[in-house]
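Here is the structure we will look at.
Bear in mind these aren't lab numbers, they're just calculated from the coordinates by the rules spelled out. In this text, all values refer to a predicted model and were calculated from it rather than measured experimentally. A quick note on method: Cβ atoms are made from the backbone with ideal geometry, for glycine too, and the neighbour counts reach across all protein chains shown.
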Amino acid sequence: MQKYKKFIGTIVFAIFTLLFAFSFEFIGYGNSAEPPSILIIVPNATDEMSIKLNLEDGEHEARVTDKVIEKYYAFYSSAMFKNTNVYSFIVSTGEDSFEVELDKPIKNYNNVYTLDLKSHTLTEGKLLSRSVMLVSMRIVLTLVIEAAVFWSFGFRDKKSWKVFLIINFVTQGALNIWINSFTPITSYVIFTLIFGEFFVFIAELFAFSLFCREHGRLRKILYVSVANFASLILGGYIITVLPI
């Protein structure tokens, strides 16, 4: 049992270390492709809703992205860094109109805020409740797909299923928490997913070979390969339709 816990801990540490190290390359690539940005997340935004950013050089229209349960309103302009006073956003919901101000100058390249339509306030970053919900949802959907594959490969022993749950919670949890650290409209997120799934694949190959005693090594290798391919397809679809 002690050896088991130590190995799982090593997997978690290795995955997070590798993903964290290489994430700087993805961030650098993304920064070279787009100008500085302010992204406003609006849960349950109406079709009529619009947000404009009022700067010294005039009003800037938002680039809107619909993600089913929320919308993103993104502003791209180098002029945002020149304005060191107040950033004023004019919000229109179709039924109501109000103004929201940021009294702190932006410091990051990609700046994310969440708009509360009831209180008319902006909160810096993503809401914790949102992140927990989305990460949990992606993990559960992935587990359902991989469990179906696990069952189809003939794994029936309770100990095998215990190993399956522990390994997948660890690997998919690490992957999805890492993905959640990126900005919601990252243009290269699909490459991020592929990159992360590669390390998940390697980790699961070692883990299932070592801890799952049911069936031979070849069947376990085939299972991990098919399951991770299915997970990659599902994950790719989810991140194009739902928020991250």
Computed over segment 145-244, the relative contact order (Cα-Cα under 8 Å, seq sep at least six) in percent reads 45 percent
The orientation-averaged projected area of the Cα convex hull of segment 95-236, in nm², is 11.3 nm²
Once amide hydrogens are built 1.01 Å from N within the peptide plane, the residues lying 5 or more places from Val112 or on another chain with amide H under 5 Å from its amide H are Leu39, Gly125
Mean Cβ-within-10 Å packing, highest first, puts peptides 122-130, 87-95 in the order 87-95, 122-130
All alpha-carbon distances of segment 36-124, grouped into 10 Å bins from 0, give the whole-percent distribution 16, 58, 24, 2
Counting Lys and Arg as +1 and Asp and Glu as -1 over every other residue whose Cβ sits under 11 Å from the Cβ of Thr123, the net charge comes to 0
The relative contact order of segment 36-124, taking Cα pairs under 8 Å that sit 6 or more residues apart, comes to a percentage of 34 percent
Taking every C-alpha to C-alpha distance in segment 88-142 and binning by 5 Å from 0, the per-bin percentages run 4, 14, 21, 18, 16, 14, 8, 5, 0
Given 25 °C, 0.890 mPa s and a Kirkwood radius over Cα pairs, the Stokes-Einstein diffusion coefficient of segment 187-244 in µm²/s is 198 µm²/s
For Lys118, the aspartates and glutamates lying under 18 Å Cα to Cα, once residues fewer than eight places off in the same chain are dropped, come out as Asp47, Glu48, Glu70, Glu95, Asp96, Glu99, Glu101
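Within a 10 angstrom radius of the beta carbon, how do Phe211, Phe164 rank from fewest other beta carbons to most?
Working: Phe211 18, Phe164 23.
Ordered by Cβ neighbours within 10 Å, fewest first: Phe211, Phe164.
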Once Leu165 and Ile233 are pulled to full extension, the length gained, defined as 0.36 nm per residue separation minus their Cα-Cα distance, is 22.5 nm
